[in-house]
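What follows is a short report on a single structure.
Nothing in this text is a laboratory measurement; each read-out follows from the coordinates by a stated rule. It should be emphasised that the depicted structure is a prediction, and the values quoted were computed from it without experimental measurement. Glycine also receives a Cβ, built like all others from the backbone with ideal geometry; neighbour counts cover every protein chain displayed.
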Amino acid sequence: MQYKGVLRKMQTENGSPIQYYLVFENDFLQMNQLLDKQLTINFLGYECLHCGLHKKIYRQGYCKSCFY
């Protein structure tokens, strides 16, 4: 199974145990079910969280022009 998207801070859901989710543009992945399993993450490039352009990231997921 493959997912593609921008890696962001995980969403959480309070419970016992706490549930963790990787949220993508059109889908999400529940991370708890992946414990004790092999996972591969490939870096494909930078993408600004605001403008979506493939520029080098300056701070907190934003390119320099969007950060300022």
inquiry  = Restricting to DSSP loop positions (anything but H, G, I, E, B) with no more than 12 other Cβ atoms inside 10 Å of their own Cβ, which trypsin sites (Lys or Arg not before Pro) remain in the stretch 1-67?
reply    = Lys4, Arg8, Lys9, Lys37, Lys56
query = If you take the Cα Rg of the chain and divide it by 2.2 N^0.38 Å, with N the number of residues, what do you get?
reply = 1.30
